[in-house]
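Colleague: My questions all concern the structure below.
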Amino acid sequence: MGGARQDKVKKLIHKLSAEYINKEANKKPLITVTGVELSDNFEYTKIFVSVFPMKDTPSALLYLSRKVKDLRRHIALETRLKNLPKISFELDPGEENRKRIDEIIEGLNS
């Protein structure tokens, strides 16, 4: 259940976290923010990312977990949110599913 304010905050966190990762992270691996979940009480947010190449996913998630404090500072400086949510990062399961579907389709076509 989400309202207009929650949607606005999710979009803002998505935009700012994507900007921060693009600016601060190495270009290899490529880390892309694919979505944001925000708890109803605005206390927790889960940022979903995809990593290319996939083999670099563990190191990318470790890097992001180390940068949570800096990301929260960046969001605080760019917004007027009173209470910033606690941030966690997760690999977007949709990306892995899409990759698997592409492999199956490619197998059928060959």
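Colleague: For the stretch 51-62, state whether one or more residues are within 18 Å of LYS10 (Cα to Cα) and of a type in the set (Val, Ile, Thr).
Modeller: No, because not a single residue in the stretch 51-62 is within 18 Å of LYS10 (Cα to Cα) and of a type in the set (Val, Ile, Thr).
Colleague: Would you be able to say whether some residue in the stretch 25-40 is in contact with a Lys or Arg (Cβ under 8 Å, 6 or more places away or on another chain), within 22 Å of GLU96 (Cα to Cα) and among the polar types (S, T, N, Q)?
Modeller: no
Colleague: Counting just the residues of the stretch 20-59 that are surrounded by 15 or more Cβ atoms within 10 Å (Cβ to Cβ) and not in a strand (DSSP E or B), which one comes out modelled with the lowest pLDDT?
Modeller: Looking at residues that are surrounded by 15 or more Cβ atoms within 10 Å (Cβ to Cβ) and not in a strand (DSSP E or B), I get ALA25.
Colleague: I would also like to ask the following. If I go through the stretch 60-72 residue by residue, how many of them are surrounded by 13 or more Cβ atoms within 10 Å (Cβ to Cβ) and among the hydroxyl-bearing types (Ser, Thr, Tyr)?
Modeller: Matching residues across the stretch 60-72 total 1.
Colleague: Of all residues in the stretch 64-92 being hydrophobic (A, V, I, L, M, F, W, C) and not in a helix (DSSP H, G or I), which is farthest from LYS8 (Cα to Cα)?
Modeller: Restricting to residues being hydrophobic (A, V, I, L, M, F, W, C) and not in a helix (DSSP H, G or I), the top hit is LEU91.
Colleague: Is there any pair linking a residue in the stretch 84-110 that is of a type in the set (Gly, Ala, Ser) to one that is surrounded by 14 or more Cβ atoms within 10 Å (Cβ to Cβ), with Cβ under 9 Å and at least six apart or on different chains, and which?
Modeller: Pairs that qualify, where the first residue is of a type in the set (Gly, Ala, Ser) and the partner is surrounded by 14 or more Cβ atoms within 10 Å (Cβ to Cβ), are SER88/THR45; SER88/LYS46; SER88/ILE47; SER88/VAL68; GLY94/THR34; GLY94/GLY35; GLY94/PHE48; GLY94/SER50.
Colleague: A follow-up question, please. Could you tell me how many of the residues in the stretch 1-12 are assigned to a helix (DSSP H, G or I), farther than 25 Å from ASN97 by Cβ and free of Cβ contacts under 8 Å to residues at least 40 places away in the same chain?
Modeller: 4
Colleague: Turning to a different aspect of this structure: Taking the condition in a helix (DSSP H, G or I), over 22 Å from ALA4 (Cα atoms) and of a type in the set (D, E, K, R), does LYS15 pass?
Modeller: no
Colleague: May I ask you to list the residues in the stretch 79-110 that are hydroxyl-bearing (Ser, Thr, Tyr) and within 30 Å of LYS69 (Cβ to Cβ)?
Modeller: Passing the criteria: THR79, SER88.
Colleague: Quick one: GLU95 ticks every box in (1) acidic (Asp, Glu); (2) outside any strand (DSSP E or B); (3) at pLDDT 95 or above bar one, so which box is it?
Modeller: Among (1) acidic (Asp, Glu); (2) outside any strand (DSSP E or B); (3) at pLDDT 95 or above, GLU95 violates only (3).
The values are calculated or read from the model by the stated rules, or taken from the named source; none is laboratory data. A quick note: this is a predicted structure, and the numbers were derived from the prediction, not measured. Virtual Cβ from ideal backbone geometry, glycine too; neighbours counted across all protein chains shown.
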